[in-house]
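Asks: Handing you this structure, nothing more for now.
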Amino acid sequence: MGAPEGRVGVSRTAYLGLGANLGDRRGYLRDAIALLDAAAGVNVCRLSGVYETEPVGVTDQPKFLNQVVEIEIADEVTPRDLLALVKRIEIELGRQRRERWGPREIDIDILLIGEEPIREPDLQIPHPEMWERAFVMVPLADLAPEMRTPSGETVEEVAERLREAGGMHAEEA
Ligand code: GSY
């Protein structure tokens, strides 16, 4: 695990959304999680189920595997450090520069970091579209069903509504 030496456990909980729709999709999810856990100041705590999902946005592309990961980040790991880390991991796992909404080996979105809202052009937390996306909310409900969303509903209530709209299929563990 990645806690820097000598640190006395101050940390925040963060949630990341992972998506893969090219090549060995499960392998990319697994490798991304291993690289996150190996990073200094990052500790992977819990994993949601893996879901096969219909593509959103550009629909003429392969289905995704999606998963949400709960991590703890040490206090000195800033949101920008975390952003730099996930971008490095995307590149290390072979993600090429591709069409913005198109297929990808691995996509890692920072969904939430503690209670901190961040609104900057290249970093918005909570991720602005996450509350409406079944491929985020259904796996997030595996980990944090009671969390409140901006509408006042719980994550589980929103996930249930989005699940009914279809396009989600839980994968075997
Ligand atoms: O924003 C993440 C990349 N992405 C996905 C995804 O992960 N899952 C599904 N189902 N559709 C998506 N469209 C985009 S872009």
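Asks: Specify which of the listed residues (VAL68, VAL136) is part of a helix (DSSP H, G or I), closer than 18 Å to LEU29 by Cβ and in contact (Cβ under 8 Å) with a residue 60 or more places away in the chain.
Replies: One residue alone meets the criteria, VAL136.
Asks: Across the stretch 5-45, which residue is modelled with the highest pLDDT among those that are away from the ligand (no atom under 15 Å from the Cβ) and of a type in the set (Ser, Thr, Tyr)?
Replies: Of everything passing the filter in the stretch 5-45, THR13 is modelled with the highest pLDDT.
Asks: I'd like the residue in the stretch 145-158 that is modelled with pLDDT of 95 or more and out of contact with any strand residue (DSSP E or B) (no Cβ under 9 Å at 6 or more places or on another chain) and, out of all such residues, is surrounded by the fewest Cβ atoms within 10 Å (Cβ to Cβ).
Replies: Step one: list which residues in the stretch 145-158 are modelled with pLDDT of 95 or more, which gives 145-149, 152-158.
Next cut, out of contact with any strand residue (DSSP E or B) (no Cβ under 9 Å at 6 or more places or on another chain) only: 149, 152-153, 156-158.
Details: THR149: 18, GLY152: 7, GLU153: 14, GLU156: 19, GLU157: 17, VAL158: 24.
Residue satisfying both the conditions and the ranking: GLY152.
The values are calculated or read from the model by the stated rules, or taken from the named source; none is laboratory data. Being a predicted model, the structure only gives us computed values, none of them experimental. Glycine also receives a Cβ, built like all others from the backbone with ideal geometry; neighbour counts cover every protein chain displayed.
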